[in-house]
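Working notes, beginning with the structure itself.
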Amino acid sequence: MAVELSALAFAIIDIVGVIGILVWHVQGKDRPTARLVVQILFFAAMTATFLSQSILPFRVTTGELEGLTAYLGKCARVLWWIHLAWATIGFVRLYIALDRRPQEARLIQDLIVAGVYLGVALSIIGLVFGAPIGTLVATSGVVAIILGLALQNTLGDLFSGIALTLGRPFMIGDWIQLGDGTEGRVIQNNWRSTQILTPAHNVVVLPNSALAKLSLTNLTRPDESHLVELAIRIAADRQPSAIEAILVSALEDCRFIVQEPKPVVAFKGIDAIAIDVELLFRVTSPANRVQARNEIINVVSQQCATHGLGFAMPAQAYHVVPSLGDKMEKSESVRALPRAL
């Protein structure tokens, strides 16, 4: 009678486990909460059935019978371990979804999922089928060393990706600038590489090991507003205060720049010919720098023309013209040269 009850209990657990797998797949990945609730319910039903018959759900005991009952028992325990793994993974994915970082935490999620599946697989092999786990782990350790030597670059990308994920120097959607001059918006970050969409609308794929070695500036933090500098030279025929007022008025007329904090007109230097001016202004995003710079150049040019301000040539474009006395002395030297000869 006890054998029949055990066989019946194992059969019920097998049926519940298979139905749970089917329902789990029907729920789909777009409904993580509902999927987790269903998974917990089926897992709880399987566990309660085990405990109602005073049977250990996680391993086979030495006193269990052979034949069909033993076969059904092993199938029931394998299904129980699978449902345990899926319930654990469901909690992890639900936490990441509620934390609103499904893309940034994808690498950590994949590592946790892989660890759960590996642990469940070893548990099934050792506890359900009674295989020697120690020998298997020792053999897998040798294999892991061989694979580690063969996949050094891939493992370097993997651990660099873990470091970037834990350190969070950037998130998906951030605009970053690298030490080698590459800049753009981060569109994807996985276990091996990071993809950046550049202003030229090209996708740059950087291995995580290479990215971890570069200096990185996150232009999105603390916010995405970005400081832009534009240097100009104004002819020194007006007072600096008058030039400042005209340029400030020009900046206030621009639509593509941020007016709070206010743009700044900074004098960098002065000589007999020109005044070096630097216009400092912010844009809402690094992607708007070209539009803002073009608008400011156009508006400043119009304002300078309206108020009679002239632009000066760059300092390196000027050359020293010899004085009249130097020219006469050089001419007399040339004429005297044949006499000396």
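Before moving on, here are some points about what is shown:
- Interchain or long-range residues, amide H under 5 Å from Thr220's placed H: Trp175
- The 3J(HN,Hα) values that the Karplus relation (6.51, -1.76, 1.60; θ = phi - 60°) gives for segment 267-282 are, in residue order, 7, 9, x, 8, 9, 5, 10, 8, 10, 7, 10, 10, 8, 10, 8, 10 Hz. Gly and Pro appear as x.
- Nitroxide proxy distance, nm - points 7 Å out along Cα→Cβ at Gln316 and Ala34: 6.7 nm
- Using the Karplus relation 6.51 cos²θ - 1.76 cosθ + 1.60 with θ = phi - 60°, the per-residue 3J(HN,Hα) values for segment 215-230 come to 6, 9, 10, 8, 7, 8, 10, x, 9, 8, 5, 10, 7, 10, 10, 9 Hz, with x marking Gly and Pro.
- With each label modelled as a point 7 angstrom along the Cα→C-beta vector, the Asp180-Val23 pair spans 5.2 nm.
- With the whole protein complex present, Ile108 retains an accessible surface near 50 Å², based on a 1.4 Å probe.
- Rough spin-label spacing in nm, given labels placed 7 Å along Cα→Cβ, for Asp223 and Asp253: 2.7 nm
- By the Cα gyration tensor, segment 178-272 has an equivalent ellipsoid whose semi-axes, rounded to whole angstrom, run 40, 15, 11 from largest to smallest.
- Share of carbon and sulfur in the accessible heavy-atom surface of segment 164-243 [1.4 Å probe, %]: 53 percent
- Table column - 3J(HN,Hα) (Hz), segment 289-303, Karplus curve with 6.51, -1.76, 1.60, x for Gly and Pro: 4, 5, 4, 5, 5, 4, 5, 5, 4, 5, 5, 5, 4, 5, 5
The values are calculated or read from the model by the stated rules, or taken from the named source; none is laboratory data. Model, not experiment: these values are computed from the prediction. So basically every Cβ, Gly included, is an ideal-geometry build from the backbone, and we count neighbours across all protein chains shown. Surface accessibility is based on the protein's heavy atoms, side chains included, excluding ligands, DNA and RNA. Shrake-Rupley method; radii C 1.70, N 1.55, O 1.52, S 1.80 Å.
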